[in-house]
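Undergrad: Before we start, here is the structure in question, set down as structure tokens.
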Amino acid sequence: MTISDEIGVWFLAIRAHTGADVFTERLAGALRERGVKAEISWLPHYAEYLPWLVKKPRPPAWATVVHVNSWLHESLLPDNLPRVVTVHLCVHDRSIKAHQTFIQRLYHRVWIRHCESLSLRNAEAVTAVSHYTARMTKRIFETSEIRVVHNWVDSKAPLVCDVQVPKQARPFRLLFVGSVTQRKGADLLVPIMEKLGGGFELRYTGTEEDLRKVGASKIPKNVIPVGWISSPNEVEKLYRESDALIFPTRLEGFGLVVVEAMAAGLAVVSSKCSSIPELIGSEGAGILCVPDNVEEFVGACKRLRSSPSRRQKMVRKARDRAERLFSPEEAVGKYVDVYRSVISDS
């Protein structure tokens, strides 16, 4: 793929240690691999809510477009570059309000909505990481032009592993990857594992203290913390050692961990909400459960354990779907098209 030299992408991003950081790093790296000049300027986390305390960054001389998250405040953005704005998560979805604190709801409704409104209004192009996120953003902000570009699985990571049938001598290994929050459904993990019992084991990214913060008073022995994992190799090792991903989330802008698990050869049990159904599809590439329904998640995990052949069929379909729909070539190509269009129109 040959890309003309006129494209120079400057990413201006807040370091928040979330999936948006991963997105920015992966996209910048993928662009550089394809011959596009790309650079990230990281801002401190407090720039999100106290932007006036941050000196306005100066773009590189070679930059021809700036790419930002929709939450970035207008005061930090350059005046002389066309803007591409990506919406990663629509926190204004009413379905999540019951699981937010009063302070969170107020912050999102007053501050983040204000920032996003300005950001979307002044953008030359707006992208969203899923059709669900695009629909919600259009509904909330009455924005008509949003291009969907799905996130992707990093082609450098050796994600595909062998499908294995767990031996009777060990429990069926479930894995939860993500922040231990109510939005991710982490408060459901302990009730699910209590009902599943000793034939199942859950490993989760985080600590016991994290689970207690979301309401767990007693943590069963079959719930095992692995701490925070930052290395791709460590995440890959967790995938290889597990039998299925359990992800009882309540709201996802995209849900990268689901696609990574699909590509890694794990069966996926997740919630039928927000963007997750468009990732798993209707072809049997995973099991979708009613959000907050502990019994459904328990039943799905039991079916996977009792039927290795069902799990193997699911894994094959999941791998194929991840490879067809969530490849870096397609996603990066779409972003290059967006950059070219805004540069030519400016």
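Undergrad: Limited to the stretch 189-224, what total is found for residues that are part of a strand (DSSP E or B) and among the hydroxyl-bearing types (S, T, Y)?
TA: Within the stretch 189-224, residues that are part of a strand (DSSP E or B) and among the hydroxyl-bearing types (S, T, Y) number 1.
Undergrad: Keeping to the stretch 36-48, report how many residues are surrounded by fewer than 14 Cβ atoms within 10 Å (Cβ to Cβ) and assigned to a loop (DSSP other than H, G, I, E, B).
TA: Result for the stretch 36-48: 1.
Undergrad: While we're on this one: Quick check on my filter: what residues within the stretch 211-247 are among the small types (G, A, S) and closer than 28 Å to V153 by Cβ?
TA: Selection gives G227, S230, S231, S242, A244.
Undergrad: For the condition within 30 Å of G35 (Cβ to Cβ), among the hydrophobic types (A, V, I, L, M, F, W, C) and out of contact with any strand residue (DSSP E or B) (no Cβ under 8 Å at 6 or more places or on another chain), what is the one hit in V336, V342?
TA: V336
Undergrad: Can you name every residue in the stretch 222-256 that is buried (at least 19 other Cβ atoms within 10 Å of the Cβ), modelled with pLDDT under 95, among the hydrophobic types (A, V, I, L, M, F, W, C) and under 21 Å from E208 (Cα atoms)?
TA: Correct list: V235, L238.
Undergrad: Still on this model: Taking the stretch 190-212, which residues are in contact (Cβ under 8 Å) with a residue 24 or more places away in the chain and farther than 30 Å from E25 by Cα?
TA: V190, P191, I192, M193, E194, K195, L196, G197, G198, G199, F200, E201
Undergrad: While we're here: For the stretch 280-346, please list each of the helices (runs of 4 or more DSSP H) lying entirely inside it that holds at least 2 residues being among the polar types (S, T, N, Q).
TA: Filter on the stretch 280-346 gives 308-325, 328-345.
Undergrad: Also, I was wondering about something else. Working carefully through the options A63, A38, find the one that is more than 30 Å from L251 (Cα to Cα) and touching a helix residue (DSSP H, G or I) at 6+ places or on another chain (Cβ under 6 Å).
TA: A38
Undergrad: Given the options V259, V268, name the one that is touching a residue at least 24 places away in the same chain (Cβ under 8 Å) and part of a helix (DSSP H, G or I).
TA: Unique residue meeting the criteria: V259.
Undergrad: Also: Please work out which one of (1) farther than 23 Å from V259 by Cβ; (2) in contact with a Gly (Cβ under 6 Å, 6 or more places away or on another chain) is the condition W111 fails and give its number.
TA: Unmet condition: (2).
Undergrad: For the stretch 265-302, what are the residues that are among the charged types (D, E, K, R) and within 25 Å of L325 (Cβ to Cβ)?
TA: Listed by number, the residues that qualify are K272, E278, E283.
Undergrad: So which residues in the stretch 49-90 are of a type in the set (V, I, T), assigned to a loop (DSSP other than H, G, I, E, B) and in contact (Cβ under 8 Å) with a residue 24 or more places away in the chain, if there are any at all?
TA: Within the stretch 49-90, just T64 meets the criteria.
Undergrad: What do you reckon, is L238 closer than 19 Å to E323 by Cβ and under 22 Å from the mean Cα position of the chain (by Cα)?
TA: no
Undergrad: Pairs, please: C-beta under 6 Å, at least 6 apart or cross-chain, first residue on the phi > 0 side of the Ramachandran plot and in the stretch 298-315, second of a type in the set (A, V, I, L, M)?
TA: Close Cβ pairs (under 6 Å, with a partner that is of a type in the set (A, V, I, L, M)) do not exist here.
Undergrad: When you scan the stretch 98-144 for helices (runs of 4 or more DSSP H) that lie fully inside it, which ones turn up with 3 or more residues that are under 20 Å from S275 (Cβ atoms) and in contact with a strand residue (DSSP E or B) (Cβ under 9 Å, 6 or more places away or on another chain)?
TA: Once the helices (runs of 4 or more DSSP H) in the stretch 98-144 are filtered for at least 3 residues that are under 20 Å from S275 (Cβ atoms) and in contact with a strand residue (DSSP E or B) (Cβ under 9 Å, 6 or more places away or on another chain), what remains is 131-141.
Undergrad: What do you reckon, is A20 part of a loop (DSSP other than H, G, I, E, B), among the small types (G, A, S) and either within 28 Å of V235 (Cα to Cα) or free of Cβ contacts under 8 Å to residues at least 12 places away in the same chain (or both)?
TA: So A20 does not fit the description; no.
The values are calculated or read from the model by the stated rules, or taken from the named source; none is laboratory data. The shown structure was predicted, so the numbers you read here are calculated from the model rather than taken from an experiment. Don't worry about glycine lacking a Cβ; one is built from the backbone with ideal geometry, like all the others, and counts go over all protein chains shown.
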